[in-house]
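Derivation of every value follows stated rules applied to the coordinates shown; laboratory data play no part. Quick caveat: nothing in here was measured; it's all calculated off a predicted structure. Every residue, glycine as well, gets a Cβ built from its backbone with ideal geometry; the counts of neighbours run over all protein chains shown.
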Amino acid sequence: MALAHSKAEYYTHTHLPPHQNYVVLTPYYPPFNRNRCRILCTVLLILLAATVFFLWPCNPDVKIMRFKLNRVHIHTFPRVAVDISIFVTVKVRNTDVYSMDYAFLDVGVGYRGKRLGHVRSESGHVTSRGSSYVDAVLEFDGVELLSDVVYLLEDLAKGTVPFDTVTEVKGHLGVYMFQVPLMAKVSCEVLVNTANQTIAHQNCYAR
């Protein structure tokens with residue numbers, strides 16, 4: 001009699017990990033704000049314009065500070081002529097943040113449209129945002145005014161004499177390692193009070 005044998009089958013079970021949820025994070029980009037961008041661009045442009053305006057080289061300011069008639073002598077022989085001696089003080093003001101060196105300062109004087117003469121000073125130096133005063137003596141001997149002598153006598157009798165001046169400055173600015181050339185030319189109508197030797201009125205304009 002055959003014995004029946006039962007076959008036992010064994011199975012191994014692998015425990016699977018519990019179910020997990022994963023969250024994927026993406027970078028956050030804030031929404032584009034056009035108003036904020038416009039304000040930022042406007043501020044940057046204003047700062048850039050202010051910087052350029054502040055650092056941009058400018059020509060110096062030139063002004064007649066003193067105009068004194070030292071001597072006026074009229075000749076009638078052998079021809080009508082005038083000897084005039086004038087003391088002039090010119091102020092050169094440097095408005096830049098850089099120092100300035102000028103090669104010369106030329107002052108010309110005229111009377112009623114007729115040029116009497118001019119004088120040229122030596123070179124000089126003006127610090128940044130500084131001023132320099134230049135004194136000059138103009139001696140004009142034997143200037144023929146012809147018909148203008150009558151007007152000159154009338155002006156001297158009234159106590160005020162109008163003169164025309166042309167002041168020219170030429171030099172350069174020391175911008176770091178560079179030299180920026182500059183030139184200023186100013187014309188002035190100066191009314192001189194002969195009683196106290198002061199400038200009664202002055203009207204200047206750049207040329």
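See the values below:
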quantity	calculated
Set K63/K170; K91/K158; K63/K185 screened for pairs whose C-alpha atoms are more than 21 Å apart	K91/K158
DSSP-loop GluC sites (Glu not before Pro) across the range 104-204, with at most 10 other Cβ within 10 angstrom	E122
Cleavage-rule hits (chymotrypsin sites (Phe, Trp or Tyr not before Pro)) in the range 162-195: DSSP loop, at most 13 neighbouring Cβ within 10 angstrom	Y176
For the range 72-207, the Rg and Dmax computed from alpha carbons only, in angstrom	17.4, 59
Difference of contour (0.36 nm per residue) and Cα-Cα distance, D106 to F54	15.9 nm
Equivalent ellipsoid semi-axes - Cα gyration tensor, the range 52-143, angstrom	35, 11, 10
At R0 = 22 Å, FRET efficiency that the Cβ-Cβ distance of I46 and R129 yields, to 0.05	0.40
Within straight-line cross-link reach of K68, aspartates and glutamates at Cα separation under 17 Å, skipping those fewer than 8 residues along the same chain	D83, D135, E139, D141, D155, D164, E189
Relative contact order (percent, whole number), the range 63-197, Cα cutoff 8 Å, 6+ residue spacing	27
Net charge of neighbours whose Cβ lies under 12 Å from the Cβ of H118, counting Lys and Arg as +1 and Asp and Glu as -1	-2
Net charge of Cβ neighbours under 14 Å - reference Q197; Lys, Arg +1; Asp, Glu -1	+3
